């Protein structure tokens with residue numbers, strides 16, 4: 001508070017004139033909450049708190065209106081937080097402007113906002129924030145022309161707003177990462193903290209034009225924590241590498257979630273968004289009623305629709321309104337633990353807290369099973385009468401009992417339950433027909449968990465790189481038409497999911513893996529037209545939201561794919577491999593693996609392991625040979641000849657080929673040496689082959 005007051009031109013800090021007046025001991029109790037709905041009382045409370053907390057002397061021209069306005073600014077996070085949000089907005093919309101060119105625009109917004117707090121404020125102060133923001137851009141002819149916004153600025157009202165949104169969507173995505181040495185980052189931060197953090201926010205916002213401002217500012221806050229920690233570390237670069245990598249993964253996961261929910265909204269509509277959020281918040285708030293959770297769900301769905309359009313100002317307003325509404329429900333807060341704790345935080349922090357909060361404990365009187373949806377005889381009547389609302393209440397009851405299950409699993413269970421009712425309610429004895437529903441649902445859960453545990457066992461056995469190769473093989477088999485780079489991105493993302501999720505306990509294992517795998521599916525199905533790959537992938541990408549992953553798991557290797565004619569260049573090995581960095585070598589070997597699987601998609605994993613072992617043996621042997629170039633030339637030729645054989649079916653045959661090649665390697669080098677000895681003086685052999 002002292003820092004904020006010191007920056008205000010209208011206030012001057014003074015020491016208390018009476019030593020015994022202990023103003024610094026006056027504070028707000030952590031349990032106290034101001035009623036934001038009653039604005040007048042809230043503002044009076046702010047004035048009282050500000051007056052008691054710090055000794056200040058107002059200037060003579062200070063009016064009550066200005067005091068109230070500054071209380072509002074402070075309650076919303078202060079001018080610095082607002083300036084950062086404005087910077088995000090400008091950076092996302094003005095792709096061709098530099099950071100230095102945006103700073104004057106931000107100052108204009110700050111000045112205009114301050115002017116609205118003075119006596120005789122202009123009529124512009126009554127305009128919507130969005131209108132003021134776009135007007136500030138259009139007021140600069142240079143900025144408008146540089147960012148090709150002349151057409152948009154010629155419009156007004158809703159037409160201008162729509163034009164700005166469409167312009168933002170057309171901005172090219174550049175996710176190039178500029179690696180700056182840690183020492184340079186620290187020097188820039190120490191020299192000018194505001195500019196250093198502003199540059200970070202500017203660059204990140206430019207590369208993520210549809211990410212919500214509060215998310216970007218949260219990532220920026222995490223980056224500053226790393227700066228403050230690593231800049232005092234003995235090994236600055238190592239510190240940045242370790243902590244920066246962890247932060248990068250966290251940021252990527254968060255952005256992937258946001259991107260995924262927008263892709264789902266675009267493809268499946270609000271009904272699926274509502275179902276997803278209903279499950280999610282039924283798990284988080286098992287103490288809340290169905291009506292309370294359903295209302296939150298409806299508000300979130302509307303906010304998602306606004307945010308996914310790229311309308312960030314209205315997105316922030318709706319998000320704040322949602323959080324305010326949730327935190328104003330005292331009756332709901334009295335029954336929840338984590339939600340009540342989040343609502344005690346500042347306006348800036350509590351929205352993010354609610355999104356990330358863990359599930360509350362279940363009510364003590366909550367039965368183990370939702371018997372009213374399994375055993376009651378009037379289920380078919382309730383289903384026929386209430387339809388989606390009945391299915392929604394089933395999802396609510398099932399979700400609050402199973403926080404350990406992923407959203408997708410519960411939605412699959414909901415879809416299965418709907419199918420059971422559609423079938424059973426047409427029979428003469430529906431109750432007998434749906435009587436075994438609980439056993440069917442339990443079996444489905446068991447199968448899903450077993451699959452995840454099996455994949456975790458494979459990941460543990462192979463390690464991250466080995467598991468990444470394993471996933472590349474599996475996906476190349478089912479979609480050999482896809483480019484290497486695309487499949488490698490998918491394999492890398494899936495390997496990262498299992499690396500981070502498999503260490504979690506069983507109560508979090510399924511939620512962690514399937515939520516993030518679903519995000520990967522959303523991105524994969526949207527980045528490339530599935531129809532250009534093959535009909536099987538196209539079919540799965542068009543499946544219902546919850547069934548896509550299980551659909552992909554059922555796809556068999558594509559036997560209809562006709563590979564390009566074999567070319568020696570596909571399996572080119574040379575001495576350069578001996579000096580490659582691990583990252584470069586990994587990329588080279590995975591490309592070889594990709595090309596190999598494309599030649600025969602039905603090749604078994606055992607056969608691939610044998611062939612891979614042969615390549616590894618060739619590399620190890622030739623890199624240890626004094627005549628590396630000759631070794632790679634002769635042995636690569638033999639390896640390619642072996643692969644051109646149409647029958648790569650017997651592991652034993654491949655093992656025999658490997659043994660034969662080891663012997664041939666020694667024979668051919670001896671022949672080469674004999675030819676050289678006929679022309680030169682005898683030299684001692686340095687070959688270590690064989």
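The values are calculated or read from the model by the stated rules, or taken from the named source; none is laboratory data. Quick caveat, the model's predicted, so the values are computed rather than measured. Positions of Cβ are backbone-derived with ideal geometry, glycine not excepted, and every protein chain shown enters the neighbour counts.
Filtered by the rule that a residue be surrounded by 19 or more Cβ atoms within 10 Å (Cβ to Cβ) and under 17 Å from the mean Cα position of the chain (by Cα), the range 496-509 gives 497, 498, 501.
What pairs come up if the first residue lies in the range 134-148 and is farther than 10 Å from residue 105 by Cα, the second is surrounded by fewer than 15 Cβ atoms within 10 Å (Cβ to Cβ), and their beta carbons are under 7 Å apart, counting only those six or more places apart or on different chains? Taking only residues 6 or more apart or on different chains, the pairs are 144/150; 146/96; 147/96. For residue 482, the conditions (1) outside any helix (DSSP H, G or I); (2) free of Cβ contacts under 8 Å to residues at least 40 places away in the same chain are fulfilled apart from (2). A single member of 330, 361 is at pLDDT 90 or above and out of contact with any helix residue (DSSP H, G or I) (no Cβ under 6 Å at 6 or more places or on another chain), and it is 361.
A single entry from 493, 477 fulfils the requirement of being part of a helix (DSSP H, G or I), under 15 Å from the mean Cα position of the chain (by Cα) and buried (at least 19 other Cβ atoms within 10 Å of the Cβ): 493.
Of the residues making up the range 159-173, those that are more than 16 Å from residue 307 (Cα to Cα) and within 24 Å of the chain's Cα centre (by Cα) are 170, 171, 172, 173.
Is the range 531-540 home to any residue that is outside the structural domain of residue 589 (by the TED database) and under 21 Å from the mean Cα position of the chain (by Cα)? So far as the range 531-540 goes, no, none of its residues is outside the structural domain of residue 589 (by the TED database) and under 21 Å from the mean Cα position of the chain (by Cα). Do we find that residue 462 is in contact (Cβ under 8 Å) with a residue 40 or more places away in the chain, out of contact with any strand residue (DSSP E or B) (no Cβ under 6 Å at 6 or more places or on another chain) and within 24 Å of residue 597 (Cα to Cα) in this structure? No; evaluated as a whole, the condition is false for this residue. Can we say residue 471 is within 30 Å of residue 561 (Cα to Cα) and touching a residue at least 60 places away in the same chain (Cβ under 8 Å)? No; evaluated as a whole, the condition is false for this residue. Picking from residues in the range 571-605 that are in a helix (DSSP H, G or I) and more than 35 Å from the chain's Cα centre (by Cα), the one that is surrounded by the fewest Cβ atoms within 10 Å (Cβ to Cβ) is 579.
Of all residues in the range 357-407, how many are on the phi < 0 side of the Ramachandran plot and not in a helix (DSSP H, G or I)? Residues that pass the stated criteria total 24.
For residue 507, the criteria (1) closer than 18 Å to residue 450 by Cβ; (2) at pLDDT 90 or above; (3) in a helix (DSSP H, G or I) hold in every case but one, which is (2).
Results for (1) in contact (Cβ under 8 Å) with a residue 12 or more places away in the chain; (2) more than 18 Å from residue 309 (Cα to Cα), shown as yes or no for each residue.
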| site | (1), (2) |
| --- | --- |
| 226 | yes, yes |
| 231 | yes, yes |
| 252 | no, yes |
| 263 | yes, no |
| 269 | no, no |
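Residue check: is residue 224 touching a helix residue (DSSP H, G or I) at 6+ places or on another chain (Cβ under 9 Å) and at pLDDT below 90? For residue 224, the condition - touching a helix residue (DSSP H, G or I) at 6+ places or on another chain (Cβ under 9 Å) and at pLDDT below 90 - is not met.
Selection of first residues in the range 96-108 that are closer than 14 Å to residue 195 by Cα and of second residues that are buried (at least 17 other Cβ atoms within 10 Å of the Cβ) and at pLDDT below 90, restricted to Cβ pairs under 6 Å at least 6 apart or on distinct chains, gives the following pairs, ordered by first then second residue: 106/83; 106/86.
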